[in-house]
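S.K.: The structure that follows is given in the form of structure tokens.
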Amino acid sequence: KAGVTQTPRYLIKTRGQQVTLSCSPISGHRSVSWYQQTPGQGLQFLFEYFSETQRNKGNFPGRFSGRQFSNSRSEMNVSTLELGDSALYLCASSLETISYNEQFFGPGTRLTVL
Amino acid sequence: KNQVEQSPQSLIILEGKNCTLQCNYTVSPFSNLRWYKQDTGRGPVSLTIMTFSENTKSNGRYTATLDADTKQSSLHITASQLSDSASYICVVSAGSGGYQKVTFGIGTKLQVIP
């Protein structure tokens, strides 16, 4: 079974631009969660999508948004990029919601904002 | 405020030795606690998941314990190997049903040296 894939793996943007990251979950998984990882803050939960609906949301500004398609693939969008948005963005999928299911992480997208 | 604190921040041990990593949390209502291993440049990989009623869980040389009364967990690594060098992240979920708040610890960076 193929693992979680994320595209692109690396991205360089400038302040004020917007970016869209993509995540393809493991086949059959219906939940996709997004995380931001920075050296100082560790992993922080952005949001979870389950069956095309946002089920959980972390404490991030509205510039961070996402969606999930009927095939469970998910996209995350960040608008009006700031320098502080530079981070590794990780996507994880699980069979059902994250309440008590093992999550499988993708390799991440490294975003650099100049 | 939900918090997860891990100690130590970093640790260096000799190959073959045992070590124990700590995780203290102030999360309510507690749902489950997970330990992840994250190799440099890769996404985290789940080691164990424990609910309120479970006080120990093993995965090969990794054994996690949970004391829900004191809100503490530990991850014990037996007979360490060079491949154990990684960051170990404690994650606690709070909430009930399908709505969970996920809080990550900063992680403990473990280096195993020959």
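Conditions (1) in contact with a Ser or Thr (Cβ under 8 Å, 6 or more places away or on another chain); (2) among the charged types (D, E, K, R); (3) free of Cβ contacts under 8 Å to residues at least 24 places away in the same chain; (4) surrounded by fewer than 13 Cβ atoms within 10 Å (Cβ to Cβ), marked per residue:
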site	(1), (2), (3), (4)
A:5	yes, no, no, no
A:10	yes, no, no, yes
A:29	yes, no, no, no
A:45	yes, no, yes, no
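S.K.: Could you check the range A:80-95 and list, in sequence order, the residues that are open to solvent by less than 60 Å² (accessible area, probe 1.4 Å) and within 14 Å of chain B (Cβ to nearest Cβ)?
M.R.: A:87, A:88, A:89, A:90, A:91, A:92, A:93, A:94
S.K.: Could you identify the single residue in A:109, A:53 that is more than 9 Å from chain B (Cβ to nearest Cβ), open to solvent by less than 60 Å² (accessible area, probe 1.4 Å) and not basic (Lys, Arg)?
M.R.: A:109
S.K.: Kindly indicate whether residue B:44 is in contact (Cβ under 8 Å) with a residue 12 or more places away in the chain and more than 11 Å from chain A (Cβ to nearest Cβ).
M.R.: The answer is no for residue B:44.
S.K.: Pairs under 9 Å by beta carbon, first residue away from chain A (no Cβ under 14 Å) in the range B:78-97, partner surrounded by fewer than 20 Cβ atoms within 10 Å (Cβ to Cβ) and basic (Lys, Arg), six or more apart or different chains?
M.R.: That search, which allows pairs on different chains as well, returns B:78/B:61; B:79/B:17; B:79/B:61; B:80/B:17; B:80/B:61; B:81/B:61; B:84/B:61; B:85/B:109.
S.K.: A further question on this structure: Inside the range B:5-56, can you point out the residues that are in contact with a Leu (Cβ under 7 Å, 6 or more places away or on another chain), open to solvent by less than 60 Å² (accessible area, probe 1.4 Å) and part of a loop (DSSP other than H, G, I, E, B)?
M.R.: Listed by number, the residues that qualify are B:43, B:54.
S.K.: Okay, next question. From A:4, A:78, grab the single residue that is touching a Gly at 6+ places or on another chain (Cβ under 8 Å) and under 27 Å from residue B:95 (Cβ atoms).
M.R.: Only one candidate passes the filter, namely A:4.
S.K.: Working carefully through the options B:65, B:70, find the one that is outside any strand (DSSP E or B) and more than 12 Å from chain A (Cβ to nearest Cβ).
M.R.: Matching residue, one of B:65, B:70: B:70.
S.K.: Of all residues in the range A:71-88, count the ones that are out of contact with any Phe, Trp or Tyr (no Cβ under 9 Å at 6 or more places or on another chain) and either within 19 Å of residue A:13 (Cα to Cα) or modelled with pLDDT of 95 or more (or both).
M.R.: Number satisfying all stated conditions: 8.
S.K.: So, one more: Could you list, in sequence order, the residues of the range A:59-79 that are over 15 Å from residue A:34 (Cα atoms) and loosely packed, with under 12 Cβ neighbours inside 10 Å?
M.R.: Once the filter is applied, which keeps residues that are over 15 Å from residue A:34 (Cα atoms) and loosely packed, with under 12 Cβ neighbours inside 10 Å, the range A:59-79 yields A:70, A:71.
S.K.: From the list B:86, B:79, pick out the single residue that is among the aliphatic types (A, V, I, L, M), within 30 Å of residue A:9 (Cα to Cα) and open to solvent by less than 70 Å² (accessible area, probe 1.4 Å).
M.R.: After applying the criteria, what remains is B:86.
The values are calculated or read from the model by the stated rules, or taken from the named source; none is laboratory data. Bear in mind the structure is a predicted one, so any value in this text is a computation, not a measurement. Methodologically, a virtual Cβ is constructed for each residue, glycine included, from the backbone with ideal geometry; neighbour enumeration extends over all protein chains shown. Heads up: the accessible areas ignore ligands, DNA and RNA and are worked out on the full protein's heavy atoms, side chains in. Shrake-Rupley method; radii C 1.70, N 1.55, O 1.52, S 1.80 Å.
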